[in-house]
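Enquirer: Pasting a structure below so you can have a look.
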Amino acid sequence: MKKFTKTIRGYNPSEVNNFVDEVINQVEGMIKQLEAKDGEIETLKEKLHHYQAIEGTLNRAILAAEEASDQIKKNARLESGMLLEDAKRNASRIVNDALVKAEQTEYEAAMLRKNITIFKRRLKSIIETQLEIIDDIEKVDF
């Protein structure tokens with residue numbers, strides 16, 4: 001604390017005035033510092049609002065990305081289910097076609113066996129007839 005020298009009418013006016021000038025200078029300096037700080041605070045507030053806006057935009061972008069991801073997963077599940085059902089139907093159709101072809105091939109093989117048997121009987125009959133004719137020729141002597 002500042003001490004002043006005493007004079008006839010109180011304290012020494014020049015010391016008091018010098019002190020008041022110092023105080024005024026210090027207060028003005030503090031005011032300038034506060035004004036500078038206020039400017040910095042305003043700048044920081046603007047930056048804060050800017051970053052908050054960016055944060056909001058990023059949050060919305062993240063939510064949109066999550067929703068898109070969920071939708072893509074949902075669509076992929078649906079598509080995989082449809083592909084699986086399609087594959088099952090195709091597999092079933094292929095198996096059925098193969099069974100039909102196997103039955104047809106088996107039927108054709110049975111028909112061939114039957115025709116071979118008939119052919120053998122006829123050929124045997126023809127050969128036996130021919131042998132009879134040969135035997136008959138031997139009976140007829142010229």
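The values are calculated or read from the model by the stated rules, or taken from the named source; none is laboratory data. None of these values were measured; they are calculated from a predicted model. No Cβ is skipped: glycine too gets one built from the backbone with ideal geometry, and neighbour counts run over all protein chains shown.
Enquirer: Might you let me know whether the range 116-132 holds any residue that is at pLDDT below 95, of a type in the set (Phe, Trp, Tyr) and on the phi < 0 side of the Ramachandran plot?
Expert: no
Enquirer: Inspect the range 61-71 for any residue being polar (S, T, N, Q) and either in a helix (DSSP H, G or I) or touching a residue at least 60 places away in the same chain (Cβ under 8 Å) (or both) and give the result as yes or no.
Expert: For the range 61-71, residues polar (S, T, N, Q) and either in a helix (DSSP H, G or I) or touching a residue at least 60 places away in the same chain (Cβ under 8 Å) (or both): present.
Enquirer: I'd like to check something: does the range 32-51 contain any residue that is touching a Phe, Trp or Tyr at 6+ places or on another chain (Cβ under 7 Å) and among the polar types (S, T, N, Q)?
Expert: no
Enquirer: Determine whether Glu138 is at pLDDT below 95 and loosely packed, with under 10 Cβ neighbours inside 10 Å.
Expert: yes
Enquirer: Given the criteria of a type outside the set (Phe, Trp, Tyr) and over 39 Å from the mean Cα position of the chain (by Cα), does Gly56 qualify?
Expert: no
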